[in-house]
Structure formats: structure tokens, C-alpha cells
Amino acid sequence: MKKKLRVGVLFGGRSGEHEVSLRSAASILKAMDPKKYEVVPIGITKQGQWLNGGGAQALLEGETAVQESDAGVTIIPPAPKVKPAKKSAKGLAPAAAAAADAHGLDVIFPVLHGTFGEDGTIQGLFELADIAYVGSGVLGSSTGMDKDAMKRMFLAEGLPITPHVTVLRGEWSSDAKRVTRRIEKKLQYPVFVKPANLGSSVGISKVHDRNELAAAMDLAASYDRKIVIEEGVGGAGVKPRELEVAVLGNDFPEASVIGEIVPDREFYDYESKYDSTSTSEPVIPAKLTKSEAKTIREMAIAAFRACDCAGLARVDFLMEPAVNTKGKKIKNPKIVLNEINTMPGFTSISMYPKLWEATGLTYPQLIDRLIQLALEREQEKKQTNFSR
């Protein structure tokens, strides 16, 4: 009988996307085939405490009380076939109780969104522990998380992006007037003000004029030291189309069909994504010409490669509407890259899985493929010499 893969599903975390992570993890755990996998849930509280066993399950269910026996996790790599000197990952994660037995985990699925999970930090831990994991590595995760670094990578590849300005929190707090002049010199309202390192539209504001700028900057600065201000696509009064593509693979990535989000607000903000009363609608596939669809899918793969991503990513685009505010038809609507998300929302109704479902890959099959890609990447890494 074929041995089951032992998969650690890691969720929660200290970021503003903690709740989103819990939802994603709950869907993944429910969909994983028990005939193929022995699943080990591992939770991280908002305070950074690692949990296993009943504590991890309690975190998923929204409980906050933690038993002492459930606190602390040791991540142990799989036992090698040839017995070398014993290798331990002690100290690489808060360690009080073992979440894995002597055989360790075969692979980890880090369903962590945002800071301390999607930004390369946890990926560095897995690299040190020498364990396979789903998703991008340290570089791909960090560049995919930092909107400023991401845009620099896109520009280096010649990919189209909207005009933007990056400001440090210290610059804003020390001389807001000077920063305002700098923004207004380069960009035209409306602009979008964003924390550079966060997702799920947390801390993002649409700013229509100078009167709204300070509050938006203060909000973004509360989430990150680096703030990205982007010029809106199409100008005042225009609501650009929001398009999304799911990318899957390692060295030879593939792009899904294209989806479109029709938000019930001015843009696809946190409430539009997660509020139960939201009437935002996904349209899959998006209504595009063959030429537009081909261009967008090619750009998605180019963006994935530009950031050195692996496993999965959702690539988001903005596109001018076919008709402008004066009712005039636009012959070749402008298409720009918005951002890449290296660990997108992963509930069964999130856009990333839905795009692959529309392309012909079911939710359980997608999970299987991501785990396979993680193991393939780990095997490929073994071809690299790290010492003489």
C-alpha cells in the first residue's frame, strides 16, 4: 500500500489577513483526500504563538483559549532513507511540543496571507529546515509581497504598469506637505494609496482629491513603513475593469482562463471581498477579445517569471472600459498589470480555485497539483551544490 504523504497545513498568522487565512485553510483541510494525505494542522495565533493538535483546531473554529500541551511546534524534516547524523530543526520555530513524529512532514502547505507568511519570512524558515513547501521561495514571495519591489521587477521586464510614487512612513510624518507636492507633481487624481506589504485590500483607499489624501496616507502608514500611491486607470469618473488570472507551475507555468470582478463599490476593497452582504460578482470567463485574452495571459506568465515565483500566483490587471465617460468607444483599451499575489485566497469559492475550475481543474485536483509541484521543486533543488 502506497504511503500517505504527511502534509502540514499552516494557517493563521500575525498579519491583518489572519481571518482570511483561517477560511482558506478550513476549505483546504476539508478538500484534502484522507486516502492520499495524513494532514497535520498547524496554527499561528495573532500574537505569534504556534499551535498544534486541539489548539490548532480551536484556532480554526475561532476559539482563543490554548492548552499548554497544544502550544509550540517543532518542524522536523522527513526521515532520510540512508541514516546520517541525526538532523534536527529545533529552534527554527517556537518549540515546546512536537507537531510531527520521528518521520516528520513530507511537505508544508503554508496557507498564510500577508506579512510573516507570504513575504518570504516563513519560506526562509522552511529553507533552513530543508523541507518541501507549497508556493514561491524567499525571493518570489518577498518581491511578490512588496508592491514597490514588484513594480520594479515588472518595469525591468518591460511590462506595463500604472504611474506610481513610493513614499516612506518617515518621509510622510516628517514633511507631509512636501510629500503631497511630490505626489501631485507626478500623478493625477484619483489615486490609490496602499501599504506596500499587505494583501486582501487591507489599508487601501481611493483618493479623489487632496482633501482625502492625508487620511489615506495615515491609514496605509499604520500598516507598513512603505506606502505606494498609484494613479487610477482611465482618469476621473472612470471605473476600470478588474481582471484576474491564475498561474500554476514552476519553471513552465501555465495561465488559467481570465476572470473579471465586478465590485459593488468603487473598487474591489476588503468589504467587497469578504462582507457577506457584498453583491460583487465574478465573471468567468471575462468578456474579452481573443487578442486581449492572449495578451493578458502572456503578461500573467511574464509577471510570474519576473518575480521568480513558483507553485501558484494570481495576477491582477486593470483595463480601461470599452467606452469612456463621454460615451465614446475606445479602440484599444489600455491594459496594465496591477499586482501579483503569491498566496491568494484559497477557499473553494475564491477566484484562484474558481479560475482553475473553469479551466478544467477541480479544487481537490488543484491541491494535489500544488503539493506535487512543491515536491518537484524540492527535488530540483537537490541538484544544487551549496558547498564545495
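The values are calculated or read from the model by the stated rules, or taken from the named source; none is laboratory data. All figures in this text were calculated on a predicted structure; none of them were measured in a lab. Ideal geometry is used to build each Cβ from the backbone, glycine not excepted, and the neighbour counts take in all protein chains shown. Ligands, DNA and RNA are excluded from the accessible area calculation, which covers all protein heavy atoms including side chains. Shrake-Rupley method; radii C 1.70, N 1.55, O 1.52, S 1.80 Å.
Figures for the structure shown
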read-out: Members of region 209-224 that are modelled with pLDDT under 95 and surrounded by fewer than 16 Cβ atoms within 10 Å (Cβ to Cβ); value: 222
read-out: Identity of the residue in region 1-18, touching a residue at least 24 places away in the same chain (Cβ under 8 Å) and outside any strand (DSSP E or B), that ends up nearest to residue 361 (Cα to Cα); value: 4
read-out: Number of positions in region 300-317 that are in contact with a Pro (Cβ under 8 Å, 6 or more places away or on another chain), surrounded by fewer than 23 Cβ atoms within 10 Å (Cβ to Cβ) and of a type in the set (A, V, I, L, M); value: 1
read-out: Considering residues of region 218-255 that are assigned to a helix (DSSP H, G or I) and touching a strand residue (DSSP E or B) at 6+ places or on another chain (Cβ under 9 Å) only, the residue farthest from residue 168 (Cα to Cα); value: 219
read-out: Any pair with Cβ under 9 angstrom, 6 or more apart, that starts in region 283-295 at a residue that is under 11 Å from residue 245 (Cβ atoms) and ends at one that is surrounded by fewer than 17 Cβ atoms within 10 Å (Cβ to Cβ) and modelled with pLDDT under 95; value: none
read-out: Single unsatisfied condition, residue 206 versus (1) in a loop (DSSP other than H, G, I, E, B); (2) at pLDDT below 95; value: (1)
read-out: Some residue of region 342-351 being in contact with an Asp or Glu (Cβ under 8 Å, 6 or more places away or on another chain) and more than 23 Å from residue 25 (Cα to Cα); value: no
read-out: Cross-chain or 6+ apart pairs with Cβ under 8 Å, region 226-237 first and under 15 Å from residue 216 (Cβ atoms) and open to solvent by 40 Å² or more (accessible area, probe 1.4 Å), then of a type in the set (S, T, N, Q) and part of a loop (DSSP other than H, G, I, E, B); value: 231/162; 231/188
read-out: Verdict on residue 320 being charged (D, E, K, R) and surrounded by 21 or more Cβ atoms within 10 Å (Cβ to Cβ); value: no
read-out: Verdict on residue 374 being crowded, with 22+ Cβ neighbours inside 10 Å and in contact with a Gly (Cβ under 8 Å, 6 or more places away or on another chain); value: yes
read-out: Residue within region 328-335 that is open to solvent by 20 Å² or more (accessible area, probe 1.4 Å), at pLDDT 90 or above, in a loop (DSSP other than H, G, I, E, B) and of a type in the set (Lys, Arg) present; value: yes
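Yes/no per residue for (1) under 20 Å from the mean Cα position of the chain (by Cα); (2) at pLDDT 90 or above:
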position	(1), (2)
234	no, no
238	no, no
243	yes, yes
255	yes, yes
260	yes, yes
267	yes, no
273	yes, no
